[in-house]
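Written below as structure tokens is the structure these notes are about.
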Amino acid sequence: MTSTATDSTVRRRRAFSPKDRLTLTAFVGIPTAFHILLVWVPAIGTIGLSFTFWSGIHISDIKWAGLQNYNNILTGTPVFWDAIWHNVIWLLWFGLIATPLGILLAYQIDRQIRGHRFYESAFFVPVVLSLAVTGIIWNFMLQPGGFVQGILGRDIGNPISIYGNYDINTYVILGIASWRHIGYIMLLYLSGLKSVDASLKEASAIDGATEWQTFRKVILPTMKPVNIIIIVITVIDSLRAFDIVYMIYGSSTGWPILGILVFQNISGGGMSMKGAAYAVILFALCIGPMISYLKQSFAEDVK
Amino acid sequence: MMSEQNNGISRRSVLKGAAVGGLGLAAGGSLLAGCGSKDVGPMKWGGRGLEESSVQWHEAVKAAYETATGNTVTLNMNDSNAFQDSLSQYLQGTPDDGFDWMAGYRMQFYADQGLLEDVSSVWDSIGDQFAESYKIASTGSDGKQYFLPTSWYPWGLHYRKSTMTELGLDPENIANWDDFMKMLEATKKKGLIGYALGDKGGWEAMGTFDILNARINGYQFHVDLLAGKEKWTDAKVAEVFKYFEMMIPYMNKNVLDISWEGMRDLLLQKKCGAMMMGSWFSGDFKTLSQADYDDLWIVPFPEINPEFGRDTIDAPIDGLCVAANGENPEGGKALVEWLASKEGMQARLDSGNTFTSANNGQDTSSYDPFQNQQLAVMNEAKYITQFLDRDTRQDFANPVVAPAIQNFLRAPKDITKILEGVQAQWDALPAL
């Protein structure tokens with residue numbers, strides 16, 4: 001780490017030719033300008049909008065609302081707490097079950113267990129599909145008159161309730177989401193594992209480490225950059241979940257989740273400020289853990 | 001209906017309406033120049049509904065219009081729900097010139113925002129073809145017209161005549177709630193779903209709520225409730241849900257899994273006795289086969305409280321608006337004028353469309369028995385309401401009432417808490 005630091009100090013001292021400067025300015029400046037224009041301006045605009053009453057159409061109709069939208073959401077909108085609950089379950093499920101499963105799978109495939117090529121491609125296929133397509137596929141499978149109901153011997157007049165049953169729909173949706181997420185994590189981790197020096201594993205095997213010890217003490221620390229990416233992806237994917245739920249339930253409130261509330265309020269008539277407030281809450285939930293985690297891991301790097 | 005709502009509008013919205021009116025006048029002045037010529041250039045029509053029956057009549061009517069006028073129309077068909085969800089963005093972007101839409105609050109909101117073209121001139125030209133109540137339903141808060149009615153349909157009990165005959169039941173002779181419960185019981189005994197309901201979309205069950213409230217508490221209470229003049233915590237509303245709950249044992253067990261298409265399929269495949277639905281879906285029966293369509297029938301929801309009888313019905317008016325941001329608003333006006341006129345509606349009816357025309361001069365001799373029955377069901381009622389999501393604020397109907405009814409269907413015993421939540425959310429809405 002120290003060597004990298006000295007490198008950059010040396011680099012900074014080097015004099016740039018005017019041409020270098022121009023190139024640098026162009027390469028850094030243009031993307032930055034676009035980034036600010038397309039990401040930061042709308043983001044700050046959304047945050048501002050969340051403190052107003054606005055139908056979303058004429059700028060002149062904006063009225064200052066202070067914290068009223070947030071107050072309305074936190075105290076007057078029971079569906080918000082349902083949505084938070086669903087997002088939390090989603091996060092826990094991904095964090096504790098789906099992501100570890102993906103890692104485990106990657107590890108096993110990397111060890112070239114029998115049939116590893118088959119497993120690899122089988123779990124990889126759902127990753128190619130967009131979440132919206134995933135939602136459509138499972139909708140066809142599970143809806144009344146669909147494949148699963150047919151196997152269970154239920155016709156449309158005598159179906160079992162899946163999406164409408166609060167006792168099971170959460171697990172059904174998380175199962176569908178995991179179907180894709182596990183393969184995605186597997187893929188990311190597998191590419192990381194391929195780059196781990198095989199001699200490390202050999203060395204720990206010679207030292208008499210068990211499979212689990214090798215994984216925990218040797219592989220996992222070596223994989224740190226990939227681990228960070230996976231944690232970030234898991235958290236963000238859980239919080240911004242939208243596509244599958246929207247495909248299954250439409251825009252409405254069958255299984256509320258923050259992403260759906262943002263969309264429903266902004267797209268319907270006249271509630272864009274409430275949608276903006278939901279978006280800000282979602283943003284705060286995403287950015288908080290993200291910053292603290294990244295800070296922590298960078299701090300460890302410097303040490 | 002509309003006059004009730006107008007009583008409730010705030011000073012702010014009146015002022016806003018006046019401002020929009022001013023804009024409308026200014027625009028009207030510059031547009032007068034275009035009125036003389038018949039050539040209005042190519043125009044676009046945004047249609048709702050991707051079902052075969054819907055696409056079919058849109059295409060037939062488009063062809064008829066092109067033949068009649070020589071104008072060129074580009075028809076863009078959209079998924080009904082998705083179109084509804086994205087209308088605000090659609091109208092602010094590059095909308096089609098004329099598009100399918102609904103009367104009432106759903107039109108007024110966009111008219112207030114200046115996104116709809118004033119079509120008063122079209123009303124001046126063909127307004128005498130419509131009843132006065134339709135003009136009121138087409139009028140924005142600034143007193144100008146923004147909507148042209150084309151068709152209307154009743155929300156009632158739909159059933160298959162053959163199924164009911166097999167069961168030995170006659171829904172046309174249900175006198176009251178007890179008879180109705182007996183009918184549901186008899187249907188259930190034969191292994192069928194007594195009262196098919198889907199509420200995945202969140203709006204389907206509003207039809208049942210509307211009619212129960214109108215039957216039990218009357219038109220005035222229903223209208224006042226939706227306008228915020230009555231409280232959802234009123235014992236009268238709890239009474240409505242008590243009746244609603246009595247129907248749950250006769251419903252399919254997957255109400256929250258299916259949407260209106262699921263309900264339609266239950267009736268199509270003879271899995272249920274009756275269901276509360278708007279007659280628009282009848283076109284899908286006709287697409288499937290004439291025999292299925294001939295088997296379909298509708299009766300008004302039975303009387304519950306003798307004081308009100310069967311005096312109210314949800315009979316939403318569908319029609320057309322012209323987008324203010326369209327490329328060719330004059331073309332849009334010409335298009336909607338023709339589509340809503342007797343001639344245009346005749347072309348639509350000739351294409352086999354199963355709706356009933358909103359045009360009072362329409363020749364109804366071509367109506368089939370089901371269309372005549374729709375008319376009879378609607379004409380029987382003294383009061384016409386639109387539908388819950390058209391009769392109250394948009395930021396209330398779908399975001400608040402829809403999940404409340406879904407939660408009720410999930411856990412009927414929580415109704416007191418649910419209704420308190422609905423009222424609290426109404427109270428928390430920003431002033432219009």
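Numbers below:
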read-out: Where GluC sites (Glu not before Pro) fall in DSSP loop in segment B:242-351, at most 14 other Cβ within 10 Å; value: B:Glu307
read-out: Calculated from backbone phi, Karplus (6.51, -1.76, 1.60) coupling profile of segment A:203-212 in Hz, x at Gly/Pro; value: 4, 5, 5, 5, 6, x, 6, 6, 4, 5
read-out: Values of log10 I(q)/I(0), in the order q = 0.18, 0.21 Å⁻¹, for segment B:63-148 under a Debye, Cα-only, solvent-free model; value: -0.91, -1.13
read-out: Diffusion constant of segment A:92-153 at 37 °C, which comes from Stokes-Einstein with the Kirkwood Cα-pair radius and 0.692 mPa s, µm²/s; value: 237 µm²/s
read-out: Per-selection Rg to Rh, the protein assembly as shown - Cα, Kirkwood hydrodynamic radius; value: 1.03
read-out: Amide H contacts of B:Leu256 (H built 1.01 Å from N, under 5 Å, at least 5 apart or other chain); value: B:Asp199
read-out: Nonlocal amide H pairs with B:Arg48, under 5 Å, H built at 1.01 Å; value: B:Asn78, B:Asp100
read-out: Accessible surface, 1.4 Å probe, highest first, among residues B:Phe209, B:Phe308, A:Phe118, A:Phe124; value: A:Phe118, A:Phe124, B:Phe308, B:Phe209
read-out: Test item: B:109-116 mean partner chain Cβ contacts at 10 Å; value: 3
read-out: Residues of segment B:252-276 buried by at least 20 Å² on assembly (accessible area, 1.4 Å probe, chain alone as reference); value: B:Lys253, B:Asn254, B:Leu256, B:Asp257, B:Leu266, B:Lys271
read-out: Heavy-atom accessible area ranking, 1.4 Å probe, most first, across A:Thr214, B:Thr416; value: B:Thr416, A:Thr214
read-out: Heavy-atom accessible area order for A:Ile266, A:Ile230, largest first, 1.4 Å probe; value: A:Ile266, A:Ile230
read-out: Residue among B:Met77, A:Ile230, A:Gly259 farthest towards the positive dipole end of the protein assembly as shown, charges placed on Cβ; value: A:Ile230
read-out: Chain pair B, A: total accessible area buried, heavy atoms, 1.4 Å probe, Å²; value: 2900 Å²
read-out: Dipole in debye (nearest 20) - the protein assembly as shown, about Cα centre, beta carbon charges: Lys, Arg +1; Asp, Glu -1; value: 3220 debye
read-out: Rounded if a/c under 1.5, otherwise prolate or oblate - chain B, Cα gyration tensor axes; value: oblate
read-out: Computed magnitude of the charge dipole of chain A (debye, nearest 20; Cβ of K, R +1, Cβ of D, E -1); value: 900 debye
read-out: Accessible area in square angstrom per residue, the protein assembly as shown, 1.4 angstrom probe; value: 44 Å²
read-out: Rel. contact order, % - alpha carbon contacts under 8 angstrom, at least six apart, segment A:182-255; value: 30 percent
read-out: Whole-angstrom gap from segment B:242-283 to segment A:129-190, using each part's C-alpha centre; value: 23 Å
read-out: Accessible-area composition of the protein assembly as shown, carbon plus sulfur, in percent [1.4 Å probe]; value: 61 percent
read-out: For chain A, alpha-carbon Rg relative to the globular expectation (2.2 N^0.38 Å, N residues); value: 1.25
read-out: Sequence-distant residues sharing a close amide H with B:Met277 (under 5 Å, placed H); value: B:Gly156, B:His158
read-out: Buried on assembly, segment A:232-256 (at least 10 Å² less accessible surface than by itself, 1.4 Å probe); value: A:Tyr246, A:Ile248, A:Tyr249, A:Ser251, A:Ser252, A:Thr253, A:Gly254
read-out: Per-residue HN-Hα couplings for segment A:227-232 [Karplus 6.51, -1.76, 1.60; θ = phi - 60°; Hz; x = Gly/Pro]; value: 4, 4, 4, 5, 5, 4
read-out: Cα convex hull of segment A:51-209, projected area averaged across orientations, nm²; value: 16.7 nm²
read-out: Where trypsin sites (Lys or Arg not before Pro) fall in DSSP loop in segment A:42-128, at most 13 other Cβ within 10 Å; value: A:Arg111, A:Arg114
read-out: Whole-Hz ³J(HN,Hα) from phi, Karplus 6.51 cos²θ - 1.76 cosθ + 1.60, for segment B:123-135, glycine and proline x; value: 5, 4, 8, 10, x, 5, 8, 10, 5, 4, 5, 6, 5
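The values are calculated or read from the model by the stated rules, or taken from the named source; none is laboratory data. Quick caveat: nothing in here was measured; it's all calculated off a predicted structure. Every residue, glycine among them, receives a Cβ derived from its backbone with ideal geometry; neighbour counts consider all protein chains shown. All accessible areas refer to the heavy atoms of the entire protein, side chains included, with ligands and DNA or RNA removed. Shrake-Rupley method; radii C 1.70, N 1.55, O 1.52, S 1.80 Å.
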